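**Q** Have a look at this one.
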Amino acid sequence: MIVEKPWGRVVTYALNQPSSVRVITVEPGQETSVHYHRMRDETWVVLDPGLTIEIGDRTVDASPGEEFVIPAEQAHRIRCNGSDPGRILEVAYGYTTEDDTQRLQDAYGRSLEPDW
């Protein structure tokens, strides 16, 4: 399943409970919203250079191969500063649907109101 976003796309390779596997691609100069999930934890593996990862108050210019764990209810964002799209391999544990996303800040005018 491929979901297009204003900042890039999310390709889901396995979607089930208790875990899902996806590749998140962020286009150059774009960023995801600052958001969190109530019902899932995520592990990210950086696949490409040029990505900045924000988790809570921590900001990291990430390198390929770096891994990050994002617990449920922890705000996070991916920003692509490179000249090529940047990818993250995401393994999510728990309820993996878009209606579990609470946006806190969004550059694309999408609603900050939760779907729950």
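**Q** In what sequence do R40, R103 fall when counting other Cβ within 10 Å, fewest first?
**A** Neighbour counts put them in this order, fewest first: R103, R40.
**Q** Sticking with this structure for a sec: Mind ranking 89-101, 41-53 by how tightly packed they are, going by the mean number of other C-beta atoms within 10 angstrom, highest first?
**A** Put in order of decreasing packing, that is 41-53, 89-101.
Only the coordinates and a few stated rules stand behind these numbers; no lab work does. These numbers were taken from a predicted model, which means no experiment stands behind them. Here Cβ is always computed from backbone atoms with ideal geometry, including for glycine, and neighbour counts include all displayed protein chains.
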